[in-house]
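Participant: Pasting in a structure now, in structure tokens, and then I'll have a few things to ask.
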Amino acid sequence: MSKPLIKLENVSMVFEIHTMFGEKKKIKAVEDVSLEIKENDILALVGESGCGKSTLGRIMLGLLKPTSGKVLYYINGKYRDIWSLSKKEYKIFRRHAQLIPQNPYTTINPMRSVISALIPPFLHYKIARNKEEARKMVAEHLKMVGLVPPEDFFNRYSCRLSGGQLQRIAIARAISVKPKFIVADEAVSMLDASLRIEILDLLLRIREEYGLAVLFITHDLAIARYFARKNKIAIMYLGNIVEIGNTEDIIKNPLHPYTKALIMSVPIPDPDIARKRELPKLRSLEVPSLMNPPSGCKFHTRCSLATEICEKQAPILRNINGRLVACHKIGD
Amino acid sequence: MVDRLRTLEKILSEHIYIPLKILAKDKRALFGLFMLIAYILISLIGPMIIPLDLTPNLEEKYLPPSWKHPLGTDFAGRDILAQLVHGGRDVLTAAFAAGIVTVGIGTVVGIIAGYMGGKIDTIITAVIDIFLTIPGFPLLIVIAAWLLQSGIPITILTIAFVLSITSWAGLARAVRAQTLSIKNEEFIEVDKCLGLSKLYIIFYEILPNLMPYIAMNFMLSSVSAIYSYTGLMALGLIPLTPGNWGAMINMAQAYVGTITGAGATYILAPSFAIILLQISLVFLANGIDKIFNPRLREW
Amino acid sequence: MRWIIKRLIIAIFTIYIVITITFFLIRLMPGNFIDMMVYYYMTTYGMSEIEARNTVYALYNVVPNEPIFLQYIKYLFGLINGNWGKSYISNKSVLEILLYGLPWTAFLLSVSLTISFAIGILLGIFMAYRRGTFLDSLLSTLSSISRATPNFILGLLLLYFLAIYYPIFPARDSYDITIEPGLSIQFISSVLYHSFLPMLAYILTSFGGWALAMRSSAIRVLGEDYVMAAEARGLKPGRIARTYVGRNAVLPLFTSFAISLGYMFGGSVFIETYFAYQGIGQIIGLAMSWRDYPLIQGGFLLITITVVLSNLLADMLYGLLDPRIKRGGTYGG
């Protein structure tokens, strides 16, 4: 088994915002999260919007500095905190960790042509010696993501491209510097359903070719299941990871009550089966605000199993049947 | 060599041909562009063809337009057309110099505020707000009066600099807002991940998005510079230069009660020279928005 | 609330900055302003140097060899107490002279601003609804011409053609001086008659800016989902234009209020001079030609205060009309 490439140790992220009355409020977007992604592996991070999963992705990329905890990255045979790297090491990390963002229409500057947005990374890392060579590399990369003939796309602006084409360009741009780790933040959620599988397959193929570790962030369990079918899923709820495990195990036998609810909520196309299935037992459908999170286990306000201990004490991740679950009521 | 030619061809088509094509569809902007070129050419070449003779000739005062004096003569019998042609150079120089200084200050300040954020932004925003509220032209009058007294030589460049003091804030505000909105775009996050530098992000990602504002504001601050420059001269607040349109208006205003019908060109000529230049610049400013904004293009 | 307090602080600070600028401009003037004044009193009133010096010190609250910081503090308190210095042409208090002119200018500018704003937003919303048509392009062209024309040039042309060459309107004064000022119909109609051309100069040169701003603002609003939703609900087009498009499109225009008013105040120096209209603009124009610095500085200060306060009023109105502002979303955060 390969070694972890990137590790989070007790990472928390607190944002301060100003409310209308001029008070400062603290939002715990990510709270005490520890996880790791192995080389050439996929972790799908699933959660409702606003649960802190995008923040977590940006922390792993070094775009946001966590308020506490460490982000460790494997460089030159050691795990190093990415916020105390030497200049040289930081440059390596910067080249290794890339982002494929959510909105295809803003992944390249609307004022700039495709070619002018794709050339600079090649020159910055001296992958290409000159512009001419960089152009050739851009053409290769565009071909690799299925944009042929590549020359047709050179001088186009984002307003003349479709969402699918733009997402392919975003992928090309991310892999142009030969990274080792990619965060795909809701990479297909803004695309037409018919295009999603195509882009997911492209991403999987490229991942295979480059041997990339991927953090695949999505709110859609079905897509996570498709993308990480041989790998792992982590379920996030209001800043906490509540369950991590092998994808098929979790889908077939969810342990945490929140995971169960998520899986139940995936629509089933066959009405006969759909009618027969057990509906999720939730006490409330309302997601609590991150500004006033519930005490103890944050899910207790909605959980049908909740008892007194859940209100008082936050559960920690425990190993249950080869996976990690944060719930007082499971496995006792 | 062939490669170079091709690059040149590409640059020409991207920066000259395509913008012109867009302009060609916007009749008003096209009019503005041609008028502006005409003004520049007349100011450059005109003085060489038409000499300026300011010797008073009282027998020929307030003559109606004729072949000898296409725009008639002024209160001292001097040719109005010659004065008009010679006056353009100063006005255009002051306008463009003020435009450049204004755009320079406004863009730099706006980008710093928007990109840096935090305390620097709070302070700069407050300064911008203050400068936006201080009435520009009255401030100019005070500064001009001070300059006059202080003995600092009032050249076109001093004037351009003083004019920009009162007009950079509007652009700075627009640039700041635009920078703020671009700075959090996903393509900037991707750039950061790719390790591209801050300077790259500012010059290649943020500046292109600001180009419409910068180009438009260049034109519009030229418009307000022309207003202020000719205005200050019309009031006699800065030393009159011969033939300057503002100086002509200053004189015309002093003699306005005595001008008879035939002498109306003395008021009309400099007035329309200024108004037409202002209109051309405003039309061009509106047209420029379309050139730099691919989303507004129609193909 | 926080937002209004913030605006208030900025308003006060703006006035403070302007006061400071005027203070130091006078003090930093080469050739020493006080010496200049002493020389002026010596030559004009035939005083001895000591006599003149004492007069000037008394007039401008100057204690010789006083540290500049103390002078500055004194100057600030003097301003607050209404001691804005004395005009050295008429020897009257600067504040007194200016306050005499202020109502006339305020009348001229407030009426012109209101009318041009009203014309501007009506034209703007009309153009937005008819965008792309010939009428739109014609009105846009007209608006651009209005925006581009300097108000002092139009003022001069109106004066020459409609008051002097064809004497339809009076060429000078703010009312017929043979009429006793008062609340008589005669007086009021005389005031309106005399203010017609100056107002026309302001209105014709400023409605275009409002119209163009309103047009693009209204076009943006017309593309919003809530307008489409209102249309889908079958609301009457007139009501949509007024309450949905009009209201939302007008709000952003309030931010250019200060700039517009400042521009008009600048124009008043010309227009009131040309039409011999006894407002602040004419006073400053005269002060300029006599190099009466205390009066120039005082005029600038009074204009700034007026613009800042009007702007504060516009801001508050904006805050009341736009609930988003109350959340403090546009500033800081």
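Participant: Take the range C:262-309 and flag every residue that is at the interface with chain B (Cβ under 10 Å from one of its Cβ atoms) and among the small types (Gly, Ala, Ser).
Facilitator: Of everything in the range C:262-309, those that are at the interface with chain B (Cβ under 10 Å from one of its Cβ atoms) and among the small types (Gly, Ala, Ser) turn out to be C:Gly262, C:Gly266, C:Gly267, C:Ser268, C:Gly281, C:Gly285, C:Ala287, C:Ser289, C:Gly299.
Participant: If a residue counts only when it is crowded, with 23+ Cβ neighbours inside 10 Å and touching a Phe, Trp or Tyr at 6+ places or on another chain (Cβ under 6 Å), which helices (runs of 4 or more DSSP H) contained entirely in the range C:213-313 have at least 2 such residues?
Facilitator: Fully inside the range C:213-313 and qualifying: C:257-274.
Participant: Residue check: is C:Gly101 assigned by TED's automatic domain parsing to the domain that holds C:Leu204, surrounded by fewer than 23 Cβ atoms within 10 Å (Cβ to Cβ) and on the phi > 0 side of the Ramachandran plot?
Facilitator: No, not satisfied.
Participant: Condition first: away from every other protein chain (no Cβ under 13 Å) and in a helix (DSSP H, G or I). Can you find one or more residues in the range C:130-147 that meet it?
Facilitator: Scanning the range C:130-147 turns up at least one residue that is away from every other protein chain (no Cβ under 13 Å) and in a helix (DSSP H, G or I).
Participant: Next question, about the same structure. Given (1) surrounded by fewer than 20 Cβ atoms within 10 Å (Cβ to Cβ); (2) more than 30 Å from A:Asn40 (Cβ to Cβ), identify the lone condition not met by A:Phe299.
Facilitator: Unmet condition: (1).
Participant: In this structure, does A:Ile330 turn out to be of a type outside the set (S, T, N, Q), surrounded by 13 or more Cβ atoms within 10 Å (Cβ to Cβ) and part of a loop (DSSP other than H, G, I, E, B)?
Facilitator: Answer is yes for this residue.
Participant: Does any residue in the range A:110-137 that is more than 17 Å from B:Leu196 (Cα to Cα) come within less than 8 Å, Cβ to Cβ, of a residue that is polar (S, T, N, Q) and in a helix (DSSP H, G or I) six or more places away or on a different chain, and which pairs are these?
Facilitator: A:Pro110/A:Ser158; A:Pro110/B:Asn209; A:Met111/B:Asn209
Participant: Still on this structure, please answer the following. Would you confirm whether any residue within the range B:176-192 is within 30 Å of B:Val142 (Cβ to Cβ) and either more than 14 Å from chain A (Cβ to nearest Cβ) or surrounded by 24 or more Cβ atoms within 10 Å (Cβ to Cβ) (or both)?
Facilitator: Yes, the range B:176-192 contains at least one residue that is within 30 Å of B:Val142 (Cβ to Cβ) and either more than 14 Å from chain A (Cβ to nearest Cβ) or surrounded by 24 or more Cβ atoms within 10 Å (Cβ to Cβ) (or both).
Participant: While we're looking at this one, here's another question. Among the residues of the range B:198-208, is there at least one that is of a type in the set (Ser, Thr, Tyr), closer than 30 Å to A:Lys126 by Cβ and at pLDDT 85 or above?
Facilitator: Within the range B:198-208 (the criterion being of a type in the set (Ser, Thr, Tyr), closer than 30 Å to A:Lys126 by Cβ and at pLDDT 85 or above), the answer is yes, since at least one residue qualifies.
Quick grid of which residues meet (1) modelled with pLDDT of 80 or more; (2) within 14 Å of chain B (Cβ to nearest Cβ); (3) not in a helix (DSSP H, G or I):
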| residue | (1), (2), (3) |
| --- | --- |
| C:Thr20 | yes, yes, no |
| C:Ile26 | no, yes, no |
| C:Pro30 | no, yes, yes |
| C:Tyr40 | no, yes, no |
| C:Tyr57 | no, no, no |
| C:Val63 | no, no, yes |
| C:Gln71 | no, no, no |
| C:Leu76 | yes, no, no |
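Participant: Quick one: is A:Glu209 free of Cβ contacts under 8 Å to residues at least 12 places away in the same chain, part of a helix (DSSP H, G or I) and touching a helix residue (DSSP H, G or I) at 6+ places or on another chain (Cβ under 9 Å)?
Facilitator: Yes, satisfied.
Participant: When the residues of the range A:153-177 are filtered to those that are among the small types (Gly, Ala, Ser) and in contact (Cβ under 8 Å) with a residue 24 or more places away in the chain, which remaining residue is surrounded by the fewest Cβ atoms within 10 Å (Cβ to Cβ)?
Facilitator: Among those residues, the one meeting the criterion is A:Gly163.
Participant: Against the condition in contact with a Pro (Cβ under 7 Å, 6 or more places away or on another chain), surrounded by fewer than 17 Cβ atoms within 10 Å (Cβ to Cβ) and either free of Cβ contacts under 8 Å to residues at least 40 places away in the same chain or of a type in the set (Lys, Arg) (or both), how does C:Tyr57 come out, does it pass?
Facilitator: Considered against the rule, which asks whether it is in contact with a Pro (Cβ under 7 Å, 6 or more places away or on another chain), surrounded by fewer than 17 Cβ atoms within 10 Å (Cβ to Cβ) and either free of Cβ contacts under 8 Å to residues at least 40 places away in the same chain or of a type in the set (Lys, Arg) (or both), C:Tyr57 comes out as yes.
Participant: A further question follows. Within the range B:193-217, count every residue that is over 24 Å from the mean Cα position of the chain (by Cα) and away from chain A (no Cβ under 12 Å).
Facilitator: Summing the residues that are over 24 Å from the mean Cα position of the chain (by Cα) and away from chain A (no Cβ under 12 Å) in the range B:193-217 gives 2.
Participant: Please find, among A:Ile206, A:Ile199, A:Ile233, A:Ile244, the residue that is crowded, with 24+ Cβ neighbours inside 10 Å and either at pLDDT 90 or above or of a type in the set (A, V, I, L, M, F, W, C) (or both).
Facilitator: Only one candidate qualifies: A:Ile233.
Participant: Which residue out of C:Ala232, C:Ala218 is of a type in the set (A, V, I, L, M) and free of Cβ contacts under 8 Å to residues at least 12 places away in the same chain?
Facilitator: After ruling out the rest, the residue left standing is C:Ala232.
Participant: Residue by residue through the range C:220-248, note down the ones that are basic (Lys, Arg) and over 14 Å from C:Ile121 (Cβ atoms).
Facilitator: Listed by number, the residues that qualify are C:Arg220, C:Arg233, C:Lys236, C:Arg239.
Participant: While we're here: Report the residue count in the range A:178-196 for those that are of a type outside the set (Val, Ile, Thr), under 23 Å from A:Ile241 (Cα atoms) and surrounded by 20 or more Cβ atoms within 10 Å (Cβ to Cβ).
Facilitator: 5
Participant: Still on this structure, please answer the following. Restricting attention to helices (runs of 4 or more DSSP H) lying wholly within the range B:141-241, give those where 1 or more residues are in contact (Cβ under 8 Å) with a residue 24 or more places away in the chain.
Facilitator: Because the criterion is at least 1 residues that are in contact (Cβ under 8 Å) with a residue 24 or more places away in the chain, the helices (runs of 4 or more DSSP H) in the range B:141-241 that meet it are B:156-165, B:168-183, B:207-234.
Participant: Can you tell me which residue within the range C:160-173, out of those that are in contact with a Leu (Cβ under 7 Å, 6 or more places away or on another chain) and at the interface with chain B (Cβ under 10 Å from one of its Cβ atoms), is modelled with the lowest pLDDT?
Facilitator: Going through the qualifying residues, I end up with C:Ala171.
Participant: Could you grab me the full set of residues in the range C:110-126 that are within 18 Å of the chain's Cα centre (by Cα) and either β-branched (Val, Ile, Thr) or outside the structural domain of C:Ser260 (by TED's automatic domain parsing) (or both)?
Facilitator: The answer is C:Val111, C:Thr114, C:Ile115.
Participant: So, in the range B:144-158, how many residues would count as being at the interface with chain C (Cβ under 8 Å from one of its Cβ atoms) and crowded, with 17+ Cβ neighbours inside 10 Å?
Facilitator: Matching residues across the range B:144-158 total 3.
Participant: Another one. Please state which of the following conditions B:Ile226 fails to meet, knowing it meets all the rest: (1) within 21 Å of the chain's Cα centre (by Cα); (2) within 13 Å of chain A (Cβ to nearest Cβ); (3) crowded, with 19+ Cβ neighbours inside 10 Å; (4) aliphatic (A, V, I, L, M).
Facilitator: (2)
Participant: Another one. Which residue is farthest from C:Ala258 (Cα to Cα), if the candidates are limited to the range B:121-137 and must be outside any loop (DSSP other than H, G, I, E, B) and at the interface with chain C (Cβ under 7 Å from one of its Cβ atoms)?
Facilitator: B:Thr122
Participant: Test each condition in (1) surrounded by fewer than 22 Cβ atoms within 10 Å (Cβ to Cβ); (2) within 30 Å of A:Val287 (Cα to Cα); (3) at the interface with another protein chain (Cβ under 10 Å from one of its Cβ atoms); (4) not small (Gly, Ala, Ser) for A:Glu132 and report the one that comes out false.
Facilitator: With (1) surrounded by fewer than 22 Cβ atoms within 10 Å (Cβ to Cβ); (2) within 30 Å of A:Val287 (Cα to Cα); (3) at the interface with another protein chain (Cβ under 10 Å from one of its Cβ atoms); (4) not small (Gly, Ala, Ser) applied to A:Glu132, the lone miss is (2).
Participant: Take A:Met111 and decide whether it is touching a helix residue (DSSP H, G or I) at 6+ places or on another chain (Cβ under 8 Å) and more than 9 Å from chain B (Cβ to nearest Cβ).
Facilitator: Criteria not met by A:Met111.
The values are calculated or read from the model by the stated rules, or taken from the named source; none is laboratory data. None of the values given here were measured: they were computed from a predicted structure. As a convention, Cβ positions derive from the backbone with ideal geometry for all residues, glycine included, and neighbour counts pool all protein chains shown.
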